[in-house]
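Okay, so here's the structure we're looking at.
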Amino acid sequence: MLERGCEDIRDRMLAMLGDCASTRFPQITWRIRYAGDIIALWYLRGDLMAALSAMHGEAIARDQLDEVTRMFDGLLPNGLNSRSTLLG
């Protein structure tokens, strides 16, 4: 299950970058493609957000990143899960 989830997330992240990813964002594309595990992909969300923001603007990028973040549910160690509420 973890391996399949990892590959699904990797595929989704690369799909979000689109066909121009290898020319426009070669380092991010490479890092996503060759990330060794689910934790490495988790930490690449910031890079993905930066690329998506450059491509589509921050609001759309945030929506897309939320989609990817939900894909990590149940796959990460407890300390790495995102917070479900705002700090206050």
Checklist line | Complete set of residues in the range 27-39 that are over 15 Å from M49 (Cα atoms) and surrounded by fewer than 17 Cβ atoms within 10 Å (Cβ to Cβ) | finding: W30, R33, Y34, G36, D37, I39
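Residue-by-condition table, conditions (1) out of contact with any strand residue (DSSP E or B) (no Cβ under 8 Å at 6 or more places or on another chain); (2) in a helix (DSSP H, G or I); (3) closer than 20 Å to L75 by Cα:
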{"site": "G5", "(1), (2), (3)": "yes, yes, yes"}
{"site": "D19", "(1), (2), (3)": "yes, no, no"}
{"site": "S22", "(1), (2), (3)": "yes, yes, no"}
{"site": "T29", "(1), (2), (3)": "yes, yes, no"}
Check: Name the pairs: first residue in the range 13-24 and open to solvent by less than 50 Å² (accessible area, probe 1.4 Å), second residue outside any helix (DSSP H, G or I), Cβ to Cβ under 8 Å, at least 6 apart or on different chains?
Finding: M13/L44; L17/F25
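On the given criteria, is A61 touching a Ser or Thr at 6+ places or on another chain (Cβ under 8 Å) and either modelled with pLDDT of 95 or more or surrounded by fewer than 13 Cβ atoms within 10 Å (Cβ to Cβ) (or both)?
When the stated conditions are applied, A61 passes them.
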Check: Pick from the range 31-58 the residues that are touching a Leu at 6+ places or on another chain (Cβ under 9 Å) and in a loop (DSSP other than H, G, I, E, B): which of them is nearest to G79 (Cα to Cα)?
Finding: D37
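The values are calculated or read from the model by the stated rules, or taken from the named source; none is laboratory data. Just so you know, these numbers come straight off a predicted model, no measurement behind them. All Cβ positions, even for glycine, are placed from backbone atoms using ideal geometry, and neighbour counts span all protein chains on display. With ligands, DNA and RNA removed, areas are computed over all heavy atoms of the protein, side chains included. Shrake-Rupley method; radii C 1.70, N 1.55, O 1.52, S 1.80 Å.
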